[in-house]
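Data first, discussion second: the structure below is written as structure tokens.
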Amino acid sequence: MENEQEAAQPADARGQISWTVFEWARNPFVILITIYIFAPYFAHTVVGDPTLGQSYWARMNWVGAFIIALMAPVLGAVADAMGRRKPWIGFFVVILAIGSWGLWFARPEGMGLSVLAIAGVVILCNLAFEFSAVFHNAMLPAIARGRRMASLSGLGLALGNAGALLILVAMLSLVALPGVVDWPFVAKEPWFGLDRDLFEPSRSAGPVVAMWLLIFSAPLFLFTPDQKATGVKVGTAIHGSLAQVRSTVLKLKHYRNVAIYLFARMLYNDGKTAILVIGGVYASGTFGWGFLEMLIYGITLTIFAVLGGLLGGVLDNWLGSQRAIMVSIGGTSLGLLLALSVTPTELFFVPYESKGPVIDLPFFNTLPELTYVGIVILIAIFITAAYANSRTMLARIAPREMMGEFFGLYALSGSVTAFMGTALVDFSTTLFNSSRIGFGSVLLLLGAGLGLMFFVKPERSTLAPEDQ
């Protein structure tokens, strides 16, 4: 089943494209489960209390992220030292598929899995998702060279978003809209006999993700070549990895500018991650949105996120990477503050008395809802732009001779505290018993990261004497 070859020989076009298709297979888990469909359903319906549900969802995610932070560098070392990646990917794909399917049994009022059991399944799925990425990413340098690596990486991310968008549109047209709107191109009843009264449309996100993953991950195992096993033992690989990480971290004392940037990025990146994880839960709880609204919400933001990548490139070329990041994070912060100022009874913190629908649609038909959606569109654009600008910034300030080493540290810094944003939301939501204050606590991380960016110099560091 595997076409093994030496790492020095890149894969053919079929093998390379099959590598990118794995993102098409895997990434819908994030969109459907983590953000737009299952997460709001869990918080709003299974838990039954939007504020408590937001706290629970944040807690599940930061616990998983903490475990990932501890284990991802170790698994990265295993991937680098032991050679073969596909057996590990296959192992985590099976876990992710079984766990995702199991979410079908997450029913409200204690009729299915308990909240604790659901938390365990979600955490396990998050681990499998992230760990599969470690070994999938580690395959790239062996199957492509030079600029081809960058193009394949970008294509994979684009396919991941495109796959998720296709599923959202299909669920909207086949399941959510039938029976709700009398449009000529929409069926009278939902397909597949899904029962809205039993919340089956929302629960179906798990099986859909599982089937999609199993079907479209197959090309990777069939056509993308793996490296040969090196014979290195797991213990040896882990020991070597920890020594390398320690050596790289110690070098940061000679590269103060890069160190400040990595710390700033760590803070604002945690804030962005928290917005993505909690945003759907907060919106659903605040406005009482259900399956239909969250589908359209997800489709809208996914489309506009693509524009964020384009905006990131424009800002970078126009302002430079440092200022582009500051604009992106500042825009995200302002957008979040404005989003928090809008509720069904408030517009920009000013009391608002609803006069009913302002447009003739079965969704987003009140002025606060339309205002909120418009604001979060801007957040989606700026968050994606910040992701694009961040990678370019490091490429501009790290020593050319140590680019690979610093990008390894970049990846490590992005995961080592990834639990911090959702942990802050969990703590703040519980402490103040307020989903608004809990979600708003993310502004602390965004503000801290933005403040540190003022101390980053947009200039390339030179090699320290001991590295020359």
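As a proxy for reagent exposure, ranking THR45, THR429 by other Cβ atoms within 10 Å from fewest up yields THR45, THR429. With contacts taken as Cα pairs under 8 Å at a separation of at least 6 residues, the chain carries a relative contact order of 27 percent.
In this structure the amide hydrogen of ARG84, modeled in the peptide plane, comes within under 5 Å of the amide hydrogens of ALA229, THR230, none closer than 5 places in sequence on its chain. Cβ crowding within 10 Å ranks SER328, SER173 as SER173, SER328, fewest other Cβ atoms first.
Here's how it looks for GLU346: its modeled amide H is under 5 Å from those of TYR352, which are all 5 or more places away or on a different chain.
In the chain, which longest range has no GluC sites (Glu not before Pro) that are both DSSP loop (not H, G, I, E or B) and surrounded by at most 16 other Cβ atoms within 10 Å? No qualifying site falls inside 110-352, the longest such stretch. Counting only DSSP H runs of at least 4 residues, each contributing -39500 (n - 2.57), and dividing by the residue count of the chain, the helix-based mean residue ellipticity at 222 nm comes to -23000 deg cm²/dmol.
Residue exposure proxy: MET294, MET111, ordered by other Cβ atoms within 10 angstrom of their Cβ from fewest to most, comes out as MET111, MET294. In order along the range 58-69, phi translates into HN-Hα couplings of 4, 5, 4, 6, 6, 5, x, 5, 5, 5, 4, 4 Hz, rounded to whole numbers, per the Karplus curve 6.51 cos²θ - 1.76 cosθ + 1.60 with θ = phi - 60° and x for Gly and Pro. When its C-alpha radius of gyration is set against 2.2 N^0.38 Å (N residues), the chain gives a value of 0.99. Computed over neighbours whose Cβ is under 13 Å from that of ALA39, the net charge equals +2, Lys and Arg +1, Asp and Glu -1. Only lysine pairs 8 or more places apart or on separate chains count here, and in the chain those with Cα atoms under 19 Å apart total 4. Computed with the Debye formula from one identical point scatterer per Cα of the range 255-468, without solvent, the log10 of I(q)/I(0) at q = 0.09, 0.16, 0.17, 0.19 Å⁻¹ comes to -0.40, -1.05, -1.15, -1.34. For the range 255-468, relative contact order (Cα pairs under 8 Å, six or more residues apart, normalised by length) works out to 39 percent. Between 0 and 90 degrees, the angle of helix 291-319 with respect to the longest Cα principal axis of the chain falls at about 40 degrees.
Against the compact-protein benchmark of 2.2 N^0.38 Å, the Cα-based radius of gyration of the range 11-141 scales to 1.17. Shown here: the range 247-380, whose C-alpha atoms stretch 61, 28, 27 Å along the first, second and third principal axes, sorted largest to smallest.
For the range 162-220, trypsin sites (Lys or Arg not before Pro) are listed when DSSP marks them as loop and at most 15 other Cβ atoms sit within 10 Å of their Cβ; the list is LYS188.
Read-outs: derived from the displayed coordinates by stated rules, not from any lab. Since the structure is predicted, the reported quantities are computational estimates derived from the model, not experimental observations. Methodologically, a virtual Cβ is constructed for each residue, glycine included, from the backbone with ideal geometry; neighbour enumeration extends over all protein chains shown.
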